[in-house]
1. Got a number for the accessible area of Met111? Probe 1.4 Å, square angstrom, nearest 10.
2. Sorted by accessible area with a 1.4 angstrom probe, largest first, how do Cys197, Cys157 fall?
3. Across the chain, how many lysine pairs separated by 8 or more positions, or lying on different chains, have Cα atoms within less than 24 Å?
4. Residue by residue, what Karplus-based ³J(HN,Hα) values in Hz, rounded to whole numbers, does the stretch 147-162 have, using 6.51, -1.76 and 1.60 with θ = phi - 60° and x for Gly and Pro?
5. For the pair Val235/Ala213, report the inter-label distance in nm, with labels modelled 7 Å from Cα in the Cβ direction.
6. Give the distance, in whole Å, between the Cα centre of the stretch 136-177 and the Cα centre of the stretch 82-104.
7. Cα-based Rg of the chain per 2.2 N^0.38 Å, rounded to two decimals?
8. Given the alpha-carbon gyration tensor of the stretch 119-208, what are the semi-axes of its equivalent ellipsoid in whole angstrom, ordered largest first, with each equal to the square root of 5 times an eigenvalue?
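The values are calculated or read from the model by the stated rules, or taken from the named source; none is laboratory data. Please read these numbers as outputs of a predicted model, since none were measured by experiment. All Cβ positions, glycine included, derive from the backbone under ideal geometry; neighbour counts span all protein chains shown. Surface areas here come from the heavy atoms of the whole protein model, side chains and all, with no ligands, DNA or RNA. Shrake-Rupley method; radii C 1.70, N 1.55, O 1.52, S 1.80 Å.
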Amino acid sequence: MFSLWVALIIGIVEGLTEFLPVSSTGHMILVGHLIGFTGDKADTFEVVIQLGAILAVAIIYWRRVLRLFGLNDREVRAKPKRLNLIHIALAIVPALGLAFVLRDYIKLLFMPETVVIGLVAGGIFMIIGEKQQPRISATDMDQFTYRQALFVGVAQCLSLWPGFSRSGSTIAAGMLAGASRAAAADFTFLIAIPVMCAATGYELLKSFGSMTADDIGFLAVGFIVSFVVALVAVVTFIKLVGKLKLTYFSYYRFVLAAIVLIYMYTVGF
């Protein structure tokens, strides 16, 4: 059984980076290789603790989730458009379908070298989204069109490359489609719930057999830490999203990529 300190470290990394545009998968791959936490059991653990991050976002957006299903709709607002399940489907089906078809090939990309490429490429895409944003036509999620939702869904496919970042690609795509940064971030957090539930459920069915009863405490620590840290991270990012440009996160990604390259060629993973 791995040390509980490993569960604590990976749980913090997952919770802190899952919903920030810096790539949680990329960070977990890098940290995992750094501390020697790799292999099938590590892959399964990283999938399980994503459930903690999912729970954090579901709690924050529970009213919006219920409204999508026609529940908790006491707040009647006279708006010409309303976000519905078709928007959500358009935003999640492309990436989920591609991930299902290419799952085995995507797993081959889970290495530090490919993460560096993803960090840089994703950072460039985020800068483009920030610099080339057209006139804003959606200031909140309820103003998203089906076309904008689909554009975000197609761009989300880029996040299948480790290091690119799901939230980074979808927020940038939302901005390129004419949504405000805040609206794009809200939409990104909301569609993360079904995307991550589907991905996590599938991975659990495929690989949970590698875990034993002795690993329950290890899993529990990672799950709880991921939940608490993700809850704080998402609430903080929501408050700062109007002030923090994506370019700041891009610069962080470029610096991290440079540090990883230097480490790879001097020390090695």
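1. For Met111, the solvent-accessible surface is approximately 70 Å².
2. Values: Cys197 65, Cys157 30 Å².
Descending accessible area places them as Cys197, Cys157.
3. Qualifying lysine pairs in the chain: 6.
4. Those phi angles translate into 5, 5, 4, 5, 4, 5, x, 5, 5, 5, 4, 4, 6, 5, 7, x Hz.
5. 3.8 nm
6. 12 Å
7. Against the empirical 2.2 N^0.38 Å value, I get 0.99 for the chain.
8. On the way: eigenvalues 118, 51, 15 Å².
Semi-axes from the Cα gyration tensor: 24, 16, 9 Å.
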